[in-house]
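*Asks:* Can you read through this structure? Questions will come right after.
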Amino acid sequence: MYQTQAEQIALVDSGATDNFIDYRTAVRLRLGTQRLPQTRKVINVDGTKNRGGQITHCVHLYIQYENKQK
């Protein structure tokens, strides 16, 4: 804003190549995970290894938003 400040909570598009969900959230929502054939390494935007470790499971979700389903 011109010559003033405003605070806004926003989701930043980090350019991630896939969509990710926290394992604890998947368990809490009972989403039914499946083990991946091969684990996937996670590298943070600054080049460091993610402290959450490798991705070992996946979840298949159908998302509906404003009459659109993916």
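*Asks:* Could you give the nm distance between label points at THR33 and THR48, where each point is 7 Å from its Cα heading toward the beta carbon?
*Replies:* The modelled label-to-label distance comes out at 2.3 nm.
*Asks:* Report the label-to-label distance for ASN19 and ILE63 in nanometres (one decimal), using points 7 Å from each Cα along the Cα→Cβ vector.
*Replies:* The modelled label-to-label distance comes out at 0.3 nm.
All of the numbers you see were taken from the coordinates with simple rules; none came from a lab. Because the structure is a prediction, the values reported are computed rather than measured. Neighbour counts are summed over all protein chains in view; Cβ atoms, including those assigned to glycine, are modelled from backbone coordinates with ideal geometry.
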